[in-house]
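The values are calculated or read from the model by the stated rules, or taken from the named source; none is laboratory data. It should be emphasised that the depicted structure is a prediction, and the values quoted were computed from it without experimental measurement. Cβ sites come from the backbone with ideal geometry, for glycine too, and all protein chains shown count toward neighbours.
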Amino acid sequence: MTAVELALPTTTSQDRDHPVQPRSDRGAWKRRAPLLPALVFTIAVTQVPFLLTVFYSFQSWNLVRPGSQHFVGLRNYVDVFADSQFRGAMLNTVVLTVVCVLVAMLLGLGLALLLDRAFLGRGVVRTLLITPFLILPAAGALLWKTTMFDPTYGLLNFVLGGETDWLSEFPLASVMAQVVWQWTPFMMLLILAGLQSQSKEVLEAAQVDGAGRWRTFASITLPQLSRFLQLAALLGAIYVVNSFDAIFLMTQGGPGTASTNLPYYIYQRAFEGFDIGQSSAMGVIVVILTMIVSTFTLRLMFRAFDVSGGVR
């Protein structure tokens, strides 16, 4: 027997019949075990209610008519898409989401460019600009309703010198102003993180080559910020599309249905009209539409980068 054969471990028939479990697999399960309670809790509070909502969406059930619950199939979905108020609420939701995300992103980009420069008191200014995002949405909505848009004592009429009832004459625009005020700091923080992650050497090289500020911004800074802008648009759209506090506390969806969005209309059908079937169908539709928009945005984000993580 050679020295190499003596150095090799011998394998018995028992070892072949009962292979040893790799230690890496056991270690991985030990590391994942503490996460199982959180996973179970997440499934219990998110997926189980959604499955119940899907089940109720196929039922005709009104709480003011006991014993009326019965299976109707896709009838609720047909009635929902035939509802003109639902289509109006969907249009308001799209307008509210697109306008708020775009305006908040542009304002956040401008503020981030200002804060990216060194000046006296930059830390204080940054803290003050972040403050609106730290306020509870309900508190922010009441703040704007009572101090900004009040027709008698509001600051807006005091500055402009008029007596406009903003919440009655411009309900959707008033809600947009409050939502933009609330979400601009979030956009600013994301974009500022992208600005501060830029390579200083590249910026200095562009300056040495004679590139002006606008040329440097368009050719270097903006492509660098593309993933941050896409992430801001994705997260902002997901949150703004579910806006409820501002509409409930500022306009109650009115006048009429002028400022009603999908979450508030679902609330009206479920808790004021007691129609569990159609409100559940509306909720399922909103979730599906949100998933479609999120998937489309994520694909755009992934296409902007190669496998190594660099911008294409």
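If the condition is being at pLDDT below 80, outside any helix (DSSP H, G or I) and polar (S, T, N, Q), then segment 199-251 contributes only S199.
Selection of segment 140-193 for residues being in contact (Cβ under 8 Å) with a residue 40 or more places away in the chain and of a type in the set (G, A, S) yields G140, A141, S168, S174. Taking the conditions (1) over 18 Å from L106 (Cβ atoms); (2) at pLDDT 90 or above in turn, L160 satisfies each one other than (2). In summary, helices (runs of 4 or more DSSP H) completely within segment 36-134 and bearing 2 or more residues that are within 23 Å of the chain's Cα centre (by Cα) occur at 36-42, 48-57, 84-115, 122-134.
Residues that are closer than 30 Å to L229 by Cβ, hydroxyl-bearing (S, T, Y) and either in contact with a His (Cβ under 7 Å, 6 or more places away or on another chain) or surrounded by 13 or more Cβ atoms within 10 Å (Cβ to Cβ) (or both) do occur in segment 95-104.
Results for (1) within 20 Å of L262 (Cα to Cα); (2) surrounded by 13 or more Cβ atoms within 10 Å (Cβ to Cβ), shown as yes or no for each residue.
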{"residue": "V40", "(1), (2)": "no, no"}
{"residue": "G73", "(1), (2)": "no, no"}
{"residue": "R87", "(1), (2)": "yes, no"}
{"residue": "L114", "(1), (2)": "no, yes"}
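The residue pairs whose first member lies in segment 34-58 and is touching a residue at least 12 places away in the same chain (Cβ under 8 Å), whose second member is not in a helix (DSSP H, G or I), and whose beta carbons are closer than 8 Å, counting only pairs six or more residues apart or on different chains, are F58/F71; F58/V72; F58/G73; F58/L74. When segment 148-172 is filtered for residues that are in a helix (DSSP H, G or I) and either surrounded by 13 or more Cβ atoms within 10 Å (Cβ to Cβ) or aromatic (F, W, Y) (or both), the ones remaining, listed by number, are M148, L156, N157, F158, W166, L167, S168, P171, L172.
The condition (being surrounded by 17 or more Cβ atoms within 10 Å (Cβ to Cβ), under 23 Å from I288 (Cα atoms) and in contact (Cβ under 8 Å) with a residue 12 or more places away in the chain) is satisfied by just one residue among A246, A233: A233.
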